[in-house]
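Only one structure is covered here, and it is reproduced in the block below.
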Amino acid sequence: MKKENHENSHININGFREYDARWLYPKDINQEGIKNIGKGLGSQIISKTNKSPRVIVGHDYRSYSEEVKQKLIEGLVSTGCNIEDIGLVLSPTTYFAQFKLNADAVAMVTASHNENGWTGIKMGIEKGLTHSPKEMSELKKIVIEEKFIKGKGSCKKIENFGEVYINELKKNKIKNKIKAVVACGNGTAGIFAPKIIKGIGCEVIELDCNLDHTFPKHNPNPEDLKMLHSLSESVKKNGADIIVNISASPYSK
C-alpha cells in the first residue's frame with residue numbers, strides 16, 4: 001500500500017476517495033497530516049473563490065472528532081480561511097449552514113457509519129454539493145505536493161446552530177399522526193432526530209438515542225444486523241407505523 005510521508009506528517013494517500021476522504025486515525029493519518037489536509041483544502045477553496053473565504057466546519061460524535069477538527073481548522077486558518085465552527089452536528093447540517101449563513105465552503109469531520117477508529121472529512125465548495133471526483137483529485141495533488149497558500153485567517157464559534165437546524169425542519173408538519181421508532185445507534189443523530197420527528201407531529205419511540213461514542217449496542221450502521229433485529233422487536237412491541245433508522249452521523253452525496 002503506497003503512502004505519502006512528509007516531515008512530521010503522515011498521510012495514507014489511499015484515504016482520498018471519490019467524493020470524500022477517510023482514514024483510520026491515527027494509524028493512517030496523524031495530527032500533522034490532518035493539518036496538511038486543512039492547508040490543502042484551504043488553498044483549493046481560495047484558488048476557486050478568489051477571496052478570503054468563510055468556511056463552515058462541524059464534527060460528529062466520536063471521542064477524537066473534535067481533536068481532528070481542531071487540527072483541520074489550524075490548517076484552514078493558516079491559508080487565510082475564516083472558519084465558522086458550528087460544533088457537534090450532522091453532516092447535512094453543515095450543508096444547510098452554508099446556505100443559511102451564506103458561506104463559501106464546508107468541511108465536516110465525520111466517520112459516517114464506520115466503526116470507531118475511523119475518521120474522515122466531507123467537503124464542498126459549490127452550495128449543496130460535496131467535492132466531485134475531479135475536486136478530490138485536485139485536493140490530493142495539492143496535499144501531496146504541499147502547494148499550500150499562506151495567509152492569516154480566523155475562527156469563531158457559532159453557538160446553538162443545531163437548534164436553528166432543528167427548528168427549520170420542524171416547520172414541515174404532517175397531517176396524520178404516525179408512531180415512529182427512531183433509532184440513532186447512540187450516534188450524533190440522537191440529539192437531532194427525536195426532536196425533529198416529534199416536532200413535525202409524530203409520536204416517537206426512541207431507541208438508542210442517548211449519545212455514547214463507544215457504541216455499546218452495535219456498529220453504528222443502519223445495515224448492521226443487530227440493529228435491524230432490535231428495530232424489529234421495538235416495532236412489534238410498540239405497534240409502530242414506521243422506522244427511522246439513522247447512522248452514527250448521517251451523510252449525503
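Please treat every number below as a calculation from the coordinates, not as lab data. These figures come from a predicted structure and were not determined experimentally. Neighbour counts are summed over all protein chains in view; Cβ atoms, including those assigned to glycine, are modelled from backbone coordinates with ideal geometry.
Annotations for the structure displayed:
- The GluC sites (Glu not before Pro) of the stretch 176-252 meeting both criteria, a DSSP state outside H, G, I, E and B (loop) and at most 10 other C-beta atoms within 10 angstrom of the site's C-beta, are GLU223.
- C-alpha long axis of helix 133-145 to longest principal axis of the chain, angle in °: 40
- Applying the criteria of a DSSP loop state and at most 16 other Cβ atoms within 10 Å to the trypsin sites (Lys or Arg not before Pro) of the stretch 7-110 yields ARG17, LYS27, LYS51.
- Estimated dipole of the stretch 1-116 in Debye, rounded to 20 [Cβ of Lys and Arg +1, of Asp and Glu -1, Cα centre]: 240
- Cα long-axis angle, helix 31-49 against the chain (0 to 90 degrees, to the nearest 10): 80
- Using bins of 5 Å that start at zero, the share of Cα-Cα pairs per bin across the stretch 42-161 amounts to 2, 12, 22, 26, 22, 12, 3, 0, in whole %.
- For ALA180, the shell of other residues with beta-carbons less than 12 Å away shows a net charge of 0, using +1 for Lys and Arg and -1 for Asp and Glu.
- Remark: the stretch 170-245 is approximated by an ellipsoid whose semi-axes, taken from the C-alpha gyration tensor as √(5λ), come to 21, 15, 8 Å, largest first.
- Cα→Cβ-extended label distance, 7 Å offset, between LYS236 and ILE200, nm: 2.8
- Within straight-line cross-link reach of LYS195, aspartates and glutamates at Cα separation under 12 Å, skipping those fewer than 8 residues along the same chain: GLU163, GLU168, GLU203, GLU206
- Helix 65-79 vs. the chain, principal-axis angle (Cα, 0 to 90°, nearest 10): 40
- Summary value for the stretch 60-127: 30 percent relative contact order, contacts being C-alpha pairs under 8 angstrom separated by 6+ residues.
- Square roots of five times the Cα gyration tensor eigenvalues for the chain, Å: 34, 21, 13
- Charge dipole of the chain (Cα centre as origin; +1 on each Lys and Arg Cβ, -1 on each Asp and Glu Cβ, all else neutral): 620 debye, rounded to the nearest 20.
- Contact order normalised by residue count of the chain, Cα under 8 Å, 6+ apart, percent: 20
- Prolate/oblate/rounded label for the stretch 1-89 (Cα gyration tensor, a/c 1.5): oblate
- Amide proton proximity set for ASN219, modelled H, under 5 Å, gap of 5+: none
- If you take the alpha carbon atoms of the stretch 117-187 and fit the smallest convex hull around them, that volume is 215 Å³ per residue.
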